[in-house]
Amino acid sequence: MKKPTDFAVLLSGFLTEYLPAQKGASVQTIASYRDTFKLLLRYLRDEKGISPEKVKLATIDDSMITGFLKWLESERGCGISTRNQRLAAVRSFFRYAQFEFPENLDSFQKILSLPSKKTTSTVIPYLTADEMRILLSQPDPSTISGRRDLAILCFLYDSGCRVQEMIDLCTGDLIFEPVGIAVLHGKGGKTRRVPLEKNTVQLLKRYFADQKLDRTYNAAVFTGNRGNKLTREGVTYIISKYVEPARSAIPSIPEHITPHIFRHTRAMVLLQAGVSLIYIRDFLGHTDVKTTEIYAKTDTELKRKAIEGTMPAVFDDNGKKNWTENTSLMEWLNELC
């Protein structure tokens, strides 16, 4: 039997031991890293003619990774953020490799120094309070399916959870008395407790009664028509059923609303209510408050756009000359009033 290469041995240890046991990475994170190396192996095979069983650590250098990143964008059609995520996975692997094969430190550090690609900042998509209110009013609470959908939409918004956190929610993770609390299992196996409003608790209690759920049995809370745990696609489909009728009431509501927009909306509503960024960080389960600051930046930009038209013009296009045409800035300033 042919002996596995140093790359194969190291990659196996990275994915099966280092990430889950030492870093506490979630199943989703490990799967994402795994997919990165599946793509890298495909690139080496198809573009460089190197079969997976022949890939060694010495095979992969900074120029090889640079070529891989370009291939992701040009051949795979990956966006900049996906390209950067793949690079982050590669960096994590070679950071781990430094300690296992220090003799290759120079080569590894060249890979670690590869820069991420700058992305253009985008405004976070979210709904206004009125838009969210209209969307949540669409499910029919007189039917079991309508009450289920309403419980799902309200929980997504009220808890500010990630869609996977809601999908993984079990009956034992919900506390109704004396106050409503949801125990969410987030990225990296981290757990946080978030408060639930009274209306959400009442909806969940009714949903539990409809579905004959018992908190003593740790079963999935939100399921599909066949009793299976909901998927991301299933949650997105449920949301999509109510977008069009909501748009007929408020046309500004986007045509496509993802589960994550509920999370963004909750964060923005909390921010605009004066809640501290530190609390919002903990509520959302962010590791660093810098991640949460993007909501503050979005809110500031919206306020800037709202007020920039309220400042009266100092002069019109046919008025006074631009100060650059005057050798004395002070004279120009004096002429303004």
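What full-extension length gain, to one decimal in nm, is calculated for residue 100 and residue 218 as 0.36 nm per residue of separation minus the Cα-Cα distance? List each step's numbers first, then the result.
Values: separation 118, 0.36 × 118 = 42.48 nm, distance 4.10 nm.
Length difference between fully extended and current span is 38.4 nm.
Considering helices alone, the calculated mean residue ellipticity of the chain at 222 nm is -17000 deg cm²/dmol, with DSSP H runs of length four and up weighted by -39500 (n - 2.57) and normalised per residue.
Bridgeable lysines around residue 212 (alpha carbons under 18 Å apart, same-chain partners fewer than 8 residues away excluded): 229.
Among 130-136, 237-243, the peptide with the highest mean count of other Cβ atoms within 10 Å heads the list, and the full ranking is 130-136, 237-243. Other residues with beta-carbon under 9 Å from the beta-carbon of residue 210 carry, at +1 per Lys or Arg and -1 per Asp or Glu, a net charge of +4. Partner lysines whose Cα lies under 18 Å from the Cα of residue 187, excluding those fewer than 8 positions away in the same chain, are identified as 23, 290.
What shape does the chain have by the C-alpha gyration tensor, where a ≥ b ≥ c are the square roots of the eigenvalues, rounded means a/c under 1.5, and otherwise prolate means a/b greater than b/c and oblate the rest? Here the chain falls in the oblate category.
Residue 12 to residue 192: extension gain in nm, 0.36 nm per residue of separation minus the Cα-Cα distance?
Values: separation 180, 0.36 × 180 = 64.80 nm, distance 3.08 nm.
Working it through step by step, the gained length comes to 61.7 nm.
When the chain is treated as a GNM with alpha-carbon contacts under 10 Å, the residue of 99, 155, 283 showing the greatest mean-square fluctuation is 99. In summary, the lysines within cross-link reach of residue 2, defined as a Cα separation below 16 angstrom excluding same-chain residues under 8 places away, comprise 54, 56.
Highest mean first, the peptides 50-58, 211-219 sorted by other C-beta atoms within 10 Å per residue fall in the order 50-58, 211-219.
Ligands, DNA and RNA excluded, the heavy atoms of residue 42 present near 90 Å² of accessible surface to a 1.4 Å solvent probe. Computed extension gain for residue 282 through residue 66, at 0.36 nm per residue and net of the alpha carbon distance, reaches 74.1 nm. A straight line joining the Cα centroids of region 207-275 and region 50-122 runs 37 Å.
The values are calculated or read from the model by the stated rules, or taken from the named source; none is laboratory data. Given the structure is predicted, the values throughout are model-derived calculations rather than measurements. Cβ coordinates were reconstructed from backbone atoms using ideal geometry, including for glycine residues, and neighbour counts include every protein chain displayed. Remember, those area values only see protein heavy atoms, side chains included, never the ligands or the DNA or RNA. Shrake-Rupley method; radii C 1.70, N 1.55, O 1.52, S 1.80 Å.
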